[in-house]
Amino acid sequence: MATTPEYVVGVWAGNADGEGRPGLTGVSSAGPVVFDLLSWLSPEGWFERPEGDELTLISVCRESGYRAGVDCTDTVEEWVPVSGLKTEACPYHRIVHLNSARTNRVNSSCAAPGQIVSESWFVLPPAMEHFYRQKNPSYRVLPAMAPGCEGDANIPEMEFIYPPREAGIFIPRDHTGERTRFVAELLHRDPAARVFWHLDNTYLGEKQSIYTSLRYQLRMVNIQLPLSIITGIQLSEGSISNGKRTGGRRGGLGGSGALTRGKVFE
């Protein structure tokens, strides 16, 4: 949907029967059509800014869209509702410490104070970074920690995409009585990072796809960094009859460790 003082334009892109189509999204399909229509209509003028004390001028981080924080380097002044003053400052710009060549992150555990260069950096969480980079090639990836340096726990290197923390997942059985599957996904800043999968503290391997029965705990370990992430879910399994769950067993799934994507469990 798009509005101007003269027009309201709505565009829907999809299949009439509601069938999904990969890649057919509002941003990539309907959005460009909206802008083409507005260009053809050639609307004149724009909405007038309300008078009075309802709006205030604030500094906004151009990269994140949040209120500018002390570490934001590229800002723009924007009129926003007064309630916008209550929003948090940009959480993604932070000061990082680099070596003199700016090729690796360092800290006091591996570099002398005179060899450390401090710089403001736009750092997104691993999962957000992965998808943001696909549309923003100018995004600067955070340099890796220099060999021999202690990891920075304040900047996560890996993140679960699925399952989310404390999620509830029901794994039904199909018409043959076999359990169906769910896909566990993680993302790591370093695509070359080695990831080891464990189930109930039992080592499963470091393959890109692991097919195994999922029961209680899932643990991923990254050998590059002594960091871990943890998620927990409650699992239920049984069978589906006329849309209702029958039978079943419950278990808890926890995870910690490093990145990998597209892990399939059954």
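Computed from the coordinates by the stated procedures, all read-outs in this text should not be read as laboratory data. This structure is a prediction, so every number in the text was calculated from the model and none was measured. Cβ: placed from backbone, ideal geometry, glycine included. Neighbour counts: every protein chain shown.
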Inset, instruction - Rounded to the nearest Å, what's the spacing between the alpha carbon centres of the stretch 141-169 and the stretch 65-88? Just the number, please. - result: 27 Å
Legend entry - Within the stretch 23-122: Cβ-based charge dipole about Cα centre, in debye rounded to nearest 20 (Lys, Arg +1; Asp, Glu -1): 700 debye
Inset, instruction - Could you run the Karplus curve 6.51 cos²θ - 1.76 cosθ + 1.60 with θ = phi - 60° over the stretch 24-37 and give me ³J(HN,Hα) per residue in whole Hz, x for Gly and Pro? - result: 8, 10, x, 5, 8, 10, 6, x, x, 5, 4, 5, 5, 5
Legend entry - Where only alpha carbons of the stretch 34-133 are counted, the Rg and the Dmax (Å): 19.9, 62
Legend entry - Cα→Cβ-extended label distance, 7 Å offset, between V82 and T3, nm: 2.3 nm
Legend entry - Calculated FRET value between E178 and T202, using beta carbons and R₀ = 25 Å, to 0.05: 0.65
Legend entry - By average C-beta atoms within 10 angstrom, highest first, the peptides 11-19, 73-81: 73-81, 11-19
Legend entry - Length released on extending from T56 to E19, taking residue separation times 0.36 nm less the Cα-Cα span: 8.8 nm
Inset, instruction - Please sort 141-148, 113-120, 59-66 by packing, taking for each peptide the average over its residues of neighbouring beta carbons within 10 angstrom, highest first. - result: 59-66, 141-148, 113-120
Inset, instruction - Can you tell me the FRET efficiency between L38 and E119 if r is taken as the Cβ-Cβ distance and R0 is 51 Å, rounded to the nearest 0.05? - result: 0.80
